[in-house]
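In what follows, a single structure is set out as structure tokens and then discussed.
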Amino acid sequence: MSGSAISMAVGEPGGPLTPTAVPTRRPAGGAVRVSVMASGVCNADIGTAASRNPATGFPIVPGHEVAGVIAELGDQVEGWSVGDRVAVGWFGGSCGRCDRCRTGDVVHCPERRVPGLSYPGGWAESITVPADALARVPAGLDFFEAAPFGCAGVTTFNAVRESRRATA
Ligand SMILES: [Zn+2]
Ligand SMILES: [Zn+2]
């Protein structure tokens, strides 16, 4: 499938969001392109937009609380199909091989990736992410409710989980 999708891009540190048409390309091996249905606004996105020296250069597209539908699969992607309902959060991929990854602590992987910081984020009609960044969205959960789970939701969930562990 070819075409283009609108991304809300920031062209300079703290600059305005500008609708920008970006060509949609077939995802690379191991990656998936998602049609975005909902995208949260997080305080960390303000930092992304204000960045003076973003890793990917300008323009940047913030957004790491994303929910949508898989539009296209790259090669070597298993377990996912076009049309699947998915979410992408702050955890935007990791190496899968380092000590951190192998103990489940993917957030501290030295090669971890974050949507908006490591690659164009979800303030867009389309986002392309590593397949290991996907979480399945259950049928009964609205996209607008699912989107913030990947950042704000997991932050609060982890606090509850760790507090139980501490008192057990
Ligand atoms: Zn966030
Ligand atoms: Zn790793």
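Read-outs: derived from the displayed coordinates by stated rules, not from any lab. Fair warning: this is a prediction, and the values are worked out from it, not measured in the lab. We place every Cβ from the backbone using ideal geometry, glycine too, and count neighbours over all the protein chains shown.
Here are some residues: 87, 71. Which one is part of a strand (DSSP E or B) and in contact with a helix residue (DSSP H, G or I) (Cβ under 9 Å, 6 or more places away or on another chain)?
None of the other options fit; the residue is 87.
Looking at 147, 135, 159, which is the one that is among the small types (Gly, Ala, Ser) and assigned to a strand (DSSP E or B)?
Working: 147 fails: assigned to a strand (DSSP E or B); 159 fails: assigned to a strand (DSSP E or B).
Going through 147, 135, 159 in turn, just one is among the small types (Gly, Ala, Ser) and assigned to a strand (DSSP E or B): 135.
Of the conditions (1) more than 16 Å from ligand 1 (Cβ to nearest atom); (2) in contact with a Ser or Thr (Cβ under 6 Å, 6 or more places away or on another chain); (3) among the small types (Gly, Ala, Ser), residue 122 clears all except one; give me its number.
All conditions are met except number (1).
Is one or more of the residues making up the range 90-107 surrounded by fewer than 19 Cβ atoms within 10 Å (Cβ to Cβ) and more than 16 Å from ligand 2 (Cβ to nearest atom)?
no
Quick check: anything in the range 120-131 touching a residue at least 40 places away in the same chain (Cβ under 8 Å), in a loop (DSSP other than H, G, I, E, B) and touching a helix residue (DSSP H, G or I) at 6+ places or on another chain (Cβ under 7 Å)? Before you say what the answer is, go through the steps one by one.
Here is the first cut: in the range 120-131, the ones touching a residue at least 40 places away in the same chain (Cβ under 8 Å) are 120-131.
Right, trim to in a loop (DSSP other than H, G, I, E, B) and you get 120-123, 125.
Now restrict to residues that are touching a helix residue (DSSP H, G or I) at 6+ places or on another chain (Cβ under 7 Å): none.
Looking through the range 120-131, none of the residues is touching a residue at least 40 places away in the same chain (Cβ under 8 Å), in a loop (DSSP other than H, G, I, E, B) and touching a helix residue (DSSP H, G or I) at 6+ places or on another chain (Cβ under 7 Å).
Does the range 10-28 contain any residue that is within 25 Å of residue 143 (Cα to Cα), part of a loop (DSSP other than H, G, I, E, B), among the basic types (Lys, Arg) and more than 16 Å from ligand 2 (Cβ to nearest atom)?
Yes - at least one qualifying residue is present in the range 10-28.
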